[in-house]
Every structure is written in structure tokens, then in C-alpha cells.
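Read the structure below first, then the notes.
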Amino acid sequence: MKVLIIGGGGREHAIGWKISQSPLVHELISLPGNPGLAELGGLVEGINPADVGAVAHVAAAEQVDLVIVGPEDPLAAGVVDALKAKGIPAFGPSKAAARLEGSKRFAKEIMDRSGVPTAAWQAFTERDPAIAYLSTRPGPYVVKADGLAAGKGVLVTHEQAEAEAWIDRCLGGGFGSAGSTVVIEEFLEGPELSVFAICDGTTAVPLAPARDYKRLGDGDAGPNTGGMGCYSPVEDLPDGIVEDTLAGVINPVVETLAADGTPYVGFMYAGLVLTADGPKVLEFNCRLGDPETQVVLPRMDDDFLELLLAALDGTLGERTINWFEGTAVDVVLAAAGYPESPTKGDSISGIEAAAADKGILIFHAGTALDGKNLVTAGGRVLNVVGTAATQERARERAYGAAEKISWKGQQLRTDIAQEAISHQPLAISHRSKDEGP
Ligand code: AMP
Ligand code: GLY
């Protein structure tokens, strides 16, 4: 098969790396890809992944047999529908099903209709009723732009005046059309957990859990980021949480979407808060997590492509996924100035030496070639993934390799997977008997 991957981050490099191991694949190309993906196959340059007409045109011209979509923007723009219209199989939800991420109001309505526990909510398109509702709520306040706002549309605050100003910002066009509806919801308290599944329109199979580190600095200090590191498996989870999320969240949503005539085929990402009243859904994403994918796929002892093809055929059925016994730890190396204003064009050294280390995988995210020279080209630049039988060893490997890579102003956290090896559970006190299927 000739496979086209849409996207160019660490998640897509990891997907491409795993897919390339399938005996079914004879050629891999990426749009736009990155220098890491370029080592696995050709890159299609000069096309915006969310320009769905142009993407479908390229896929047809390249005669690809399958397209795998990494990020949410092309999915929300309907890339899967555009490809299907040309007879090209594409893995990811249709535009209608991708509203699960693309509209928070839509996601809330689906959850309510499916009996899925989530924060109490109301949606508004007018200022006065929104302000009036807010004043009836206890703080902290949670106000969200309805649509995709590159992760910047959510405000959580103790200050009512700030929440009111956010309503004005959304409805006043501060997030473009993404903010023309605002969702005001109950504040959920507790540790967050993400569960990922592959869905075939009627059934779903879960992936192994991973723990992501969202804050820029050690000890969870500093601003929120896309994710500064990750590890898998995660031992200190409540018993049966993955199975319960499948039964109580993912399957009911898949059933509702199928009954509505908009079946969900693709990756489903359920963001949960483990509250004192049990898990509640914070949000859905219609894609895999980044950097979670970079530690989950190295642990998969299965043909990933075959799983995606089974999902496209609607034959995932009762399939489970096999996992290696070992562990993976990802240390993200970020550019100077990330997340506010990452510096681009800094020369990267030491990557070959790091990649030669035992048990190391390096997934590119924000890199570019300046002639023959590898330079920084985005916020999160590289993922250094250590794999080993124990988390302790995987962590040592990841940090050992990361130390060999440098550029001006490089940022990294030094505490990724620390609690996993010190046996100091984070805020969650239960232990899981089983981190994967
Ligand atoms: P979202 O884009 O909806 O995932 O929100 C971004 C982040 O805001 C989440 O990862 C949470 O940390 C926080 N957040 C969103 N909604 C809530 C809520 N209802 N209660 C508490 N925190 C929230
Ligand atoms: N790592 C969180 C995300 O992909 O949204």
C-alpha cells in the first residue's frame, strides 16, 4: 500500500514510524511531514493540511491507497469527506463526527443524550443571558469558546469579572467564529486522565494509557504547553478505569453518533477528570494525543496499520491490541521562548549521537533543514523517547540521549516520569492491576 500521512509533528512522525513497520506498506509519504518523516518517505510541500480540496487532489494524483490524518484541523475541515468523495480511504472521523472536538456544545449535547457524565453546562450566543447564568454559578468559573481555538479558547478563573470579560471576548469576535457560541460549565476538581481508543463506527478498542506533563517547568510550574513529556504504562490509575471509560463514555458516544447517521471512525480521545463523584468528561478530541502517541506506539506489539484497516472495514469487533511488556519515556526538547514565542532557526547538534544510543527513538516535531543543517522550526522541537524493560532504565536512557542534543536556549523538564520510578503516586491513590488490554 501507498500511505499518506497528514500532519508534521511528533505524533505524525511516530505514526509514520510505526506504520512503516507493517509488511503491507510499500511507500509512505507525508503532507507536510518534517525532516524525521522525510527519512521514511517523500514529503508533499506547499499545501496547507486544512485545505481539504488540495489535499484530496494530491492524494488522488499520488494514487495513495490510504490516508491517515494526525491533527484536528483537517478533520474538522472535512478532509476525510473530501478524500472519500474521490474514492480514497482515509482514517479519521468525517466532518460531521469530528464536531465532537470542533464544537464543545455539540460534544455536550451528545454526552447528555448518551448519558455520559460531564460538567453541568449551558451554551449562549447572546451576552445578557450568559452573564445572568454566570451570576447564578458558584466559582471557579469555566468559560469556553465553542469552536477550535488552538487550545486558547478556555478560561478557568475564580474571578467573576474575568469570566464576564472572557464571555465578551468570545462573543465579540476575539476567537473569530469559534467564539460566536460560548459554553459555561461547572468546574471539575480532581486529577486529569486521557483515554484513547480506535473506533470503527460501531465499536471501539482502547489504547494503553500514557501520562502527559502539560506545564513547561519542573514540578508543574509555569505556563501550559502542548505537552513537555510523557510516559507509558501508567501504574497508579484507579482499577478498571480504561474499561469503565470504554463502557461508560466511548461506547455510548459511538452508539449515539451511529444512530444519528454520523458514525465515528477514527481515534477518539476522552479527556477525563477523576472527581470525587467518579470520572467526568472534560472534552473529546478527534485525534491522538501529542506526545502520548510517541510513547504508546513504541509499546504496541501489533500491526498498527492492520488495526486501522480493520476499523475502516468496520471489523474491529472484539479485537484487543497486544502490548510489549516494556516501558517508554518521552522527554520533549522545546525551543527557546516556547510556549509564548518560540525562536526558530537555531542550529541543532548531537542528534546522530543521541539516536545511536541503545533503546532510543527520536521523533521530530518542530525541525527544519536549512541546507544540510537541522534547525529549530517550532515550539516543541524533538521527542527523545527511551524504551527499556523498566521505567527507571527508560528514563535514564531518554535523559542520557537528550543530554547529547543541544541548541541555543533549549528547554526541557527534568522530572518526566520521576513519580513513576519513585513510587510516589501523584494525586491518584489507587493502583491499577493492568495498564493495557
Ligand atoms: P479543554 O480545551 O476543554 O480541554 O480545556 C483546557 C484545560 O482547561 C483542561 O485540560 C483543564 O485543565 C481545564 N478545564 C477545562 N474545563 C474544565 C472544567 N470544567 N473544570 C476544571 N478544569 C477545566
Ligand atoms: N497532549 C495533549 C494533547 O494532545 O492534546
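Per residue of the chain, what 222 nm ellipticity follows from adding -39500 (n - 2.57) for every DSSP H run with n ≥ 4, rounded to the nearest 500?
Numbers: 15 runs with 120 residues, N = 437.
Per the formula, -7500 deg cm²/dmol.
Amide H contacts under 5 Å for Ile68: Leu4, Ile5, Ile6, Phe91, restricted to partners 5 or more places along the chain or on a different chain, H placed in the peptide plane at 1.01 Å from N. If you plug the beta carbon distance of Asp370 and Glu340 into 1/(1 + (r/R0)^6) with R0 = 30 Å, you get a FRET efficiency near 0.80. The phi-based Karplus calculation (6.51 cos²θ - 1.76 cosθ + 1.60; θ = phi - 60°) puts the 3J(HN,Hα) values of region 79-96 at 5, 5, 5, 5, 5, 4, 4, 9, x, 9, x, 9, 8, x, x, 5, 4, 5 Hz, whole numbers, x for Gly and Pro. Measuring between their Cα centroids, region 314-334 and region 169-213 lie 21 Å from each other. Surface calculation, 1.4 Å probe, protein heavy atoms: Lys95 sits at approximately 110 Å² accessible. Pairs of Cα atoms nearer than 8 Å and 6+ residues apart set the relative contact order; for the chain it is 16 percent. For Val381, nonlocal amide neighbours, meaning residues 5 or more places apart or on other chains whose placed amide H falls under 5 Å from its own, are Leu333, Ala334, Ala335, Gly366. Taking every protein chain into account, the accessible area of region 322-414 amounts to 44 square angstrom per residue (probe 1.4 Å). Accessible area per residue for region 190-231, computed on protein heavy atoms with a 1.4 Å probe, is 30 Å². The 3J(HN,Hα) values that the Karplus relation (6.51, -1.76, 1.60; θ = phi - 60°) gives for region 195-204 are, in residue order, 10, 10, 9, 9, 10, 10, x, 10, 9, 9 Hz. Gly and Pro appear as x.
Rounded to the nearest Hz, the phi-derived 3J(HN,Hα) couplings of region 10-25 under the Karplus curve 6.51 cos²θ - 1.76 cosθ + 1.60 (θ = phi - 60°) are x, 4, 5, 5, 5, 4, x, 4, 6, 4, 4, 7, 6, x, 6, 8, where x marks glycine and proline. Ala120 to Lys84: FRET efficiency via 1/(1 + (r/R0)^6), r the Cβ-Cβ distance, R0 22 Å, to the nearest 0.05? Efficiency computed from Cβ-Cβ geometry: 0.05.
Based on the mean of other beta carbon atoms within 10 Å per residue, what is the order of 59-67, 40-48, most packed first?
Listed from highest to lowest mean packing, they are 59-67, 40-48.
In this simple spin-label model, placing a label point 7 Å from the Cα along the Cα-to-Cβ direction at both Glu318 and Thr157 gives a separation of 5.3 nm. Across all Cα pairs in region 216-357, the calculated P(r) in 10 Å bins from zero up to the longest distance comes to 8, 28, 35, 20, 8, 0 percent per bin.
In the chain, the portion of solvent-accessible area held by carbon and sulfur atoms comes to 49 percent [1.4 Å probe, whole percent, DNA, RNA and ligands not counted]. Set against the 2.2 N^0.38 Å expectation for a compact globular protein, the chain has a Cα radius of gyration ratio of 0.95. With 5 Å bins beginning at zero, the pair-distance distribution over Cα atoms of region 125-169 amounts to 5, 23, 35, 24, 11, 2 %. Accessible area of Arg395 (1.4 Å probe, protein heavy atoms only, ligands and nucleic acids ignored): about 30 Å².
Computed about the Cα centre, the dipole magnitude for region 210-309 is approximately 400 debye when only Lys and Arg (+1) and Asp and Glu (-1) carry charge, each at its Cβ.
The GluC sites (Glu not before Pro) found in region 64-146 that occupy coil by DSSP, while having at most 14 further C-beta atoms within 10 Å, are Glu126.
The values are calculated or read from the model by the stated rules, or taken from the named source; none is laboratory data. This one's a predicted model, so the numbers in the text were calculated from it and none came from an experiment. In this analysis, Cβ positions are derived from the backbone assuming ideal geometry, glycine residues included, and neighbour counts consider all displayed protein chains. Note: accessible area is taken over every heavy atom of the protein model, side chains too, but ligands, DNA and RNA are not part of it. Shrake-Rupley method; radii C 1.70, N 1.55, O 1.52, S 1.80 Å.
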